[in-house]
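Undergrad: My structure is below; once you've seen it, I'll send some questions.
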Amino acid sequence: MSEVEKLPKKMIKLKWNDKDLEVPEGTNLLGAALNNGIKVAHYCYHPGLAVAGVCRMCMVEQQGVPRPFPACNAVVAEGIQVRNDTKQIKDAVEWTLQFHLLNHPLDCPICDQAGECGLQDYYMKHGQYDSAMIDKKVHKKKVQDIGCDVVLDAERCILCARCTRFVDDVTKTHELGIVNRGDHAEISVQKELHNDYAQNLVDICPVGALTSKDFRFKQRVWFLEDVESTCIGCETGCSVKISQNKSGAYRVRPIVDSEVNGFWMCDDGRKIYKHLSTPGRLVGPMVFKNSMFLPVAESEIKEKIKSKNIKFILSAGLSNEEYQSFFKEFKNIKNITLYQLPKTGAEFDGILKRADKNCNLRGAQKAFKLAGADSSEEAMKKMLDTLTSQDALFVVMPEIVYDHDNYASFLSKIKKAGLRVALTTDDMRSEFSDFHFLLPVPTFLEKEGHIINYQNKERKLNKGRSYGASDRNVGDWAHLFH
Amino acid sequence: MSIANKADYQNFTLLSYHHIPSVHHLEIFEEAGGYEMMKKCFTLDPEKIKEEVKNSGLRGRGGAGFPTGVKWGFFSKDRNQRKYLLCNADESEPGTFKDRYLLEINPHILVEGMIISAFALGTQRGYIYIRGEFYEQAMILEKAVKDAYKRGYLGKNILGSGFDFELVVHRGAGAYICGEETGLISSLEGQKGRPKLKPPFPAIKGYRGLPTIVNNVETLAAVPWIMRCGAAAYKKWGTEKSPGTKLFSISGDVNRPGVFELPLGIPLIEVIEKHCEGVREGNKLKAVIPGGSSAPIFTAEIAKEVRMDYEDIAQKGSMLGSGAIIVLDETRSIPDILKWTLEFYHHESCGQCTPCREGTGWMEKIFKRAEQGEGKLSDIELLDKVAFNMRGRTICALSDAAAMPTQGIIKAFRGELESYIKIQMKNR
Ligand SMILES: Cc1cc2nc3c(=O)[nH]c(=O)nc-3n(C[C@H](O)[C@H](O)[C@H](O)COP(=O)(O)O)c2cc1C
Ligand code: SF4
Ligand code: SF4
Ligand code: SF4
Ligand code: FES
């Protein structure tokens, strides 16, 4: 960023209906209203995309301007007075809504978007349920699988062109376009979706025309609550919210964070909820016996590790607070190293995704340094090479793994340790069979804490509902050694 | 050389060369006085040319009637900046065929007009966007452009003036919406012919994001005459607010349809009775559409009173538009006219903005339902409301162009629509 850009922007004063607004110079007029909590019906405007001005819902009048115009195609100017509460504008908006509903199937009872649909919101508000049109609707293709777990229902589409602008301007993959003219215009899938950000299409589609195959029909959205957090999928650390309720976690969506992810997140990040509510989550310490994991008393573990040489390999995905408490509790242990996930894919994909999948490598390095421990990969390899039957090795398992081969080869090297204990957020998977004991630790959604992303920015992890034993974090297991 | 081969600047501004046989040949055009003004203009201050055009009061002949000099005044004066001059030869408004008539007989008047305008505006490049169906006309134009290049009237350093101007003829693919200036620009850019949001206006940010002036064929073709005879002479014709002459395309139920160059402000009835030799077969006049398919229809009574200038037509509830006069006699059915209008606009809406995309289709469906005998008298009200709500709310004026004639017909011929709905119901 240049020096000029860093200067605080001049503030502009304007009036929207009877409310005085003060916003930075250059702000989009509709954006100014929305950012100030004013509800303005709009379908095509999206702050992360170029202006299209096609839905014609955000019309306003401005004193001194002869004709109404869409607020999304204007920027704020000092002293302007705009209104969208006059009779003329309200009538116009109601009619434009009516035009939107004209060829819309109104199949809300079977639509996944119901509850968070732009059309439904406004026609409930404006009381337009029965479309005045007794004339036949234009029919288009219903359920089409268009790739990347996205499903298109062309009949529900209101042609706001958000999706086409997204694939043209953000991913530049151009899979979608609008073909034909007039009311025969429809979204055309030029080629299957093939980008790493396709789930954003589901978020930005204001109606139920683009839905997620992953989420479709699993839950009605009004039964869900959102927990704001940070994605642990890579070192970018996108701000996200996770939708969950007592029966589980269902989806991850981005939160606007201008410093980190803007409006978007990648499709890898969408999957970070998958392990949160799997049925096999640990309910307490487990022992591997007779080819299966069984509950075990802590005293048994204590007994086993008593005479051993304790060694630790931490993951690079814990919170700053966990590292802190860990190093506080295990002050006397000298053998502590760090397993870093290997780089996967391009260093940076030009949008958000980064090859370094360690969501808190910087936090880990800082904590290691402070504690005088060596966080380097060499130190970890050296530890693996020198393991003996006298060692009790505690491994904090990474919460998300991309490169399973690398992971398997790492696990194969720990076998020289006489006793092996995994601290994991996961369920009892077969790859854990090399461990003698499993100890549950909280997932990223079951603890309060912070991580430091690749820009050295701190982002927060928030605690939501828990679906397994999650009351003890890594440091809390220190009592096993007392 | 005979007098017949000289241009008639006394009686015509636009058709002053049209009586000359083979005037599409550069030499013949030139012998008659063509390209004289271009040469003279290179010796003038470009600002002077703009001023003369502004003083003439010339209004855009593409339909909106915006004063050309004012539009040119919004344009960047920086002669080094890359800018474009586009000529709109898409002529697709039903009823309009004057640009075609002008071009196919005298393509050089447009080329000369464009060179002068380009010099005045400081644009280095121009395109003539010609309607796809005008194949022959495009060939005639291309030949004219080629000949002008050969004579050194186009290209680099034209006649040693230091002024460069490249001119290209570009054929459209047959879409009414590509006549809308920003639809035209999208199409020329190689995109789908969809109008762009305004602001920014093309004069600021047009073709390829650079300043662009779009003018109709007839507008640009009027420039050489204005430079030759002066703004004051131009204003001797027409009214104060509608100076000059205009090409009228007259079709329908008259004895002599065609294109006529007439002074603005001429009574419509004089156009029909005198120039078109009256309504065909002595039939009674029923209605007139005065400015192309987008213009609200006039009943015979109003048609007999109206003068053909921007303000009088507007005052009586319609518009001069492109100057396409469609005359309907007593044998014509108004519902037919409405149906044809609705079908046309439904077919031509580009579909990007909601009121137009949905409204044009909806109106046609309402009408078709009535045609099937399933209409209700209240459908007239519904049609009127839909049309009303399509106006003034869209990216381009096509939505208005579909709504205005619909509302016009309802206003002028409600009784006929009502009986139509009833008759269709009975005949079901
Ligand atoms: C739907 C639509 C179609 C149009 N078609 C034409 C056309 O075919 N030719 C034309 O010159 N102008 C057409 N116009 C007007 C142009 O947008 C523009 O105003 C004109 O080319 C400007 O030139 P002028 O100022 O010389 O009239 C159309 C406008 C609309 C809204
Ligand atoms: S599919 Fe959704 S996002 Fe795309 S144009 Fe249709 S309504 Fe808009
Ligand atoms: S870019 Fe990284 S942090 Fe952002 S959503 Fe994707 S995986 Fe998560
Ligand atoms: S008004 Fe109609 S034709 Fe014009 S941009 Fe909108 S949809 Fe397209
Ligand atoms: S939000 Fe402004 S026109 Fe769609």
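The values are calculated or read from the model by the stated rules, or taken from the named source; none is laboratory data. Nothing here was measured: the structure is a model prediction, and the numbers come from that model. For neighbour counting, all protein chains shown are included, and Cβ atoms are generated from backbone atoms with ideal geometry for every residue, glycine included.
Undergrad: Taking only pairs six or more apart or across chains, which ones have beta-carbon atoms under 7 Å, a first residue in segment B:170-186 that is without any contact (Cβ under 8 Å) to a residue 60 or more places away in the chain, and a second residue that is away from ligand 1 (no atom under 12 Å from the Cβ) and among the hydrophobic types (A, V, I, L, M, F, W, C)?
TA: Close Cβ pairs (under 7 Å, with a partner that is away from ligand 1 (no atom under 12 Å from the Cβ) and among the hydrophobic types (A, V, I, L, M, F, W, C)) amount to B:170/B:188; B:171/B:138.
Undergrad: Suppose the filter is more than 14 Å from every other protein chain (Cβ to nearest Cβ), out of contact with any Cys (no Cβ under 6 Å at 6 or more places or on another chain) and basic (Lys, Arg); does residue B:307 pass it?
TA: yes
Undergrad: Sort through A:115, A:208 and tell me the only one that's more than 14 Å from every other protein chain (Cβ to nearest Cβ), more than 16 Å from ligand 3 (Cβ to nearest atom), small (Gly, Ala, Ser) and surrounded by fewer than 17 Cβ atoms within 10 Å (Cβ to Cβ).
TA: Matching residue, one of A:115, A:208: A:115.
Undergrad: Also, quick follow-up: Just to verify a result, which residue in segment A:38-71, among those that are touching a Leu at 6+ places or on another chain (Cβ under 8 Å) and not in a loop (DSSP other than H, G, I, E, B), is farthest from ligand 2 (Cβ to nearest atom)?
TA: A:60
Undergrad: Residues to consider are B:112, B:142; find the one that is away from chain A (no Cβ under 14 Å), more than 26 Å from residue B:58 (Cα to Cα) and modelled with pLDDT of 95 or more.
TA: Sole residue among the options that is away from chain A (no Cβ under 14 Å), more than 26 Å from residue B:58 (Cα to Cα) and modelled with pLDDT of 95 or more: B:142.
Undergrad: Out of the residues in segment A:381-397 that are in a helix (DSSP H, G or I) and either more than 35 Å from the chain's Cα centre (by Cα) or not charged (D, E, K, R) (or both), state the one that is surrounded by the fewest Cβ atoms within 10 Å (Cβ to Cβ).
TA: A:385
Undergrad: Hey, can you tell me all the residues within segment A:163-210 that are in a helix (DSSP H, G or I), over 20 Å from residue A:240 (Cβ atoms), touching a residue at least 40 places away in the same chain (Cβ under 8 Å) and within 16 Å of ligand 5 (Cβ to nearest atom)?
TA: A:163, A:165
Undergrad: Looking at segment B:75-101 only, could you name the residues that are within 16 Å of ligand 4 (Cβ to nearest atom) and in a helix (DSSP H, G or I)?
TA: none
Undergrad: Considering each residue of segment B:151-169, count those that are more than 17 Å from residue B:85 (Cα to Cα) and without any contact (Cβ under 8 Å) to a residue 12 or more places away in the chain, and give that number.
TA: Looking only at that region, the number is 4.
Undergrad: Take the conditions surrounded by 12 or more Cβ atoms within 10 Å (Cβ to Cβ) and under 24 Å from residue A:170 (Cβ atoms) and apply them to residue A:30. Does it pass?
TA: Yes; evaluated as a whole, the condition is true for this residue.
Undergrad: Now, a different point. Here is a list of conditions, (1) within 17 Å of the chain's Cα centre (by Cα); (2) of a type in the set (Val, Ile, Thr); (3) more than 14 Å from chain A (Cβ to nearest Cβ), and residue B:212 meets all of them except one; can you say which number that is?
TA: Here residue B:212 meets the rest and fails (1).
Undergrad: Mind checking whether some residue in segment A:62-72 is more than 10 Å from chain B (Cβ to nearest Cβ), closer than 26 Å to residue A:157 by Cα and not hydroxyl-bearing (Ser, Thr, Tyr)?
TA: Scanning segment A:62-72 turns up at least one residue that is more than 10 Å from chain B (Cβ to nearest Cβ), closer than 26 Å to residue A:157 by Cα and not hydroxyl-bearing (Ser, Thr, Tyr).
Undergrad: Same structure again: I need the full set of residues from segment A:140-168 which are within 14 Å of chain B (Cβ to nearest Cβ) and out of contact with any strand residue (DSSP E or B) (no Cβ under 7 Å at 6 or more places or on another chain), in order please.
TA: A:155, A:158, A:160, A:162, A:165, A:168 - these are the residues of segment A:140-168 that are within 14 Å of chain B (Cβ to nearest Cβ) and out of contact with any strand residue (DSSP E or B) (no Cβ under 7 Å at 6 or more places or on another chain).
Undergrad: Do we have residue B:394 as part of a loop (DSSP other than H, G, I, E, B), in the same structural domain as residue B:362 (by TED's automatic domain parsing), within 16 Å of ligand 1 (Cβ to nearest atom) and crowded, with 18+ Cβ neighbours inside 10 Å here?
TA: Against the criterion (part of a loop (DSSP other than H, G, I, E, B), in the same structural domain as residue B:362 (by TED's automatic domain parsing), within 16 Å of ligand 1 (Cβ to nearest atom) and crowded, with 18+ Cβ neighbours inside 10 Å), residue B:394 qualifies.
Undergrad: Which helices (runs of 4 or more DSSP H) sit wholly inside segment B:4-62 and have at least 2 residues that are within 16 Å of residue B:237 (Cβ to Cβ)?
TA: By residue number, B:46-56.
Undergrad: Restricting attention to segment B:162-181, report how many residues are among the β-branched types (Val, Ile, Thr) and either touching a helix residue (DSSP H, G or I) at 6+ places or on another chain (Cβ under 7 Å) or buried (at least 23 other Cβ atoms within 10 Å of the Cβ) (or both).
TA: 2
Undergrad: When residue B:323 is evaluated against the numbered criteria (1) within 14 Å of chain A (Cβ to nearest Cβ); (2) among the small types (Gly, Ala, Ser); (3) under 20 Å from the mean Cα position of the chain (by Cα), which criterion, by number, is the only one it fails?
TA: (1)
Undergrad: Looking at B:218, B:181, B:166, which one is under 30 Å from residue A:72 (Cβ atoms), acidic (Asp, Glu) and more than 14 Å from chain A (Cβ to nearest Cβ)?
TA: Just a single option satisfies the conditions, and that option is B:181.
Undergrad: Across segment A:28-37, what is the number of residues that are among the polar types (S, T, N, Q) and part of a loop (DSSP other than H, G, I, E, B)?
TA: 1
Undergrad: In a helix (DSSP H, G or I) and over 30 Å from residue B:394 (Cβ atoms): does that describe residue B:177?
TA: Here the answer is no, as residue B:177 does not meet what is asked.
Undergrad: For residue B:26, indicate whether it is touching a Leu at 6+ places or on another chain (Cβ under 7 Å), crowded, with 20+ Cβ neighbours inside 10 Å, closer than 28 Å to residue B:135 by Cβ and not charged (D, E, K, R).
TA: Taking the combined requirement at face value, the residue does not satisfy it.
Undergrad: Now for a different question. Does residue A:270 satisfy the condition of being surrounded by fewer than 20 Cβ atoms within 10 Å (Cβ to Cβ), away from chain B (no Cβ under 14 Å), within 30 Å of residue A:449 (Cα to Cα) and within 12 Å of ligand 3 (Cβ to nearest atom)?
TA: Taking the combined requirement at face value, the residue does not satisfy it.
Undergrad: If you don't mind, there's one more thing I want to ask. Only one of B:210, B:197, B:184 is within 16 Å of ligand 5 (Cβ to nearest atom), more than 17 Å from residue B:59 (Cα to Cα) and not hydroxyl-bearing (Ser, Thr, Tyr); which?
TA: That would be B:197, the only listed residue that is within 16 Å of ligand 5 (Cβ to nearest atom), more than 17 Å from residue B:59 (Cα to Cα) and not hydroxyl-bearing (Ser, Thr, Tyr).
Undergrad: Another question, if that's okay. Just for segment A:149-162: of the residues that are touching a residue at least 60 places away in the same chain (Cβ under 8 Å) and not basic (Lys, Arg), which one is nearest to residue B:191 (Cα to Cα)?
TA: A:161
Undergrad: Something else about it: I'd like to check something: does segment A:419-427 contain any residue that is surrounded by fewer than 22 Cβ atoms within 10 Å (Cβ to Cβ), touching a Gly at 6+ places or on another chain (Cβ under 9 Å) and in contact (Cβ under 8 Å) with a residue 24 or more places away in the chain?
TA: yes
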